[in-house]
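Comments concern the structure below.
Read-outs throughout are calculated quantities, based only on the coordinates presented, and are distinct from any laboratory measurement. What you see is a predicted model, and the numbers here were worked out from it, not measured in a lab.
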Amino acid sequence: MSTPPLAGAGMPPGAFSGTQAQAAREVNTASLCRIGQETVQDIVFRTMEIFQLLRNMQQLIPYVEEDGSKHDDRGAASQLRFASEERREIMEVNKKLKQKNQQLKQIMDQLRNLIWDINAMLAMRN
C-alpha cells in the first residue's frame with residue numbers, strides 16, 4: 001500500500017501556508033488511518049471466515065491418529081472383508097443351530113412316543 005500524495009504535491013515549496021499544509025497532512029493521515037483500519041478489519045473478517053470453514057471441514061473429516069493413517073486406504077476393504085467373514089460365520093452357526101433344533105425335535109418326538117407307550121402299558125396292566 002502506498003501513502004496517498006499530500007495536497008499540493010508537485011507545487012513549489014511555500015505555495016501553501018503552514019496551516020493549510022498541516023490541515024492537508026492531517027486529512028491525509030486520517031484517511032490513511034481509515035484505509036488501514038478497513039484493511040485490518042477485512043483481514044480479520046477473512047481470517048475468521050477461513051477458521052470457520054476449517055472448523056466445518058474438521059467436522060466432516062473424522063480424526064484419525066497417525067498409526068491408523070497408514071491403513072486408511074485398506075481400512076474400508078478390510079472392514080468389508082471382516083463383515084463378510086462375520087456374516088458367513090453367522091450363517092454357518094445358524095445352519096448348525098437349525099440342524100440341532102431338528103435333532104432335538106426328533107428326540108422330543110421319540111420321548112413323547114416312548115412316554116405314550118409306557119402310559120399305554122401301565123393302563124393295560126391295571
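For the range 101-107, putting each phi into the Karplus relation 6.51 cos²θ - 1.76 cosθ + 1.60 with θ = phi - 60° gives couplings of 4, 5, 5, 4, 4, 4, 5 Hz, in residue order, rounded to whole numbers and with x for Gly and Pro.
From the square roots a ≥ b ≥ c of the eigenvalues of the alpha-carbon gyration tensor of the range 81-126, which class results: rounded (a/c under 1.5), prolate (a/b over b/c), or oblate? Could the numbers behind the result be given before it?
Working: a/c = 12.28, a/b = 9.95, b/c = 1.23.
Judged from the Cα gyration tensor, the range 81-126 comes out prolate (a/c at least 1.5, a/b above b/c).
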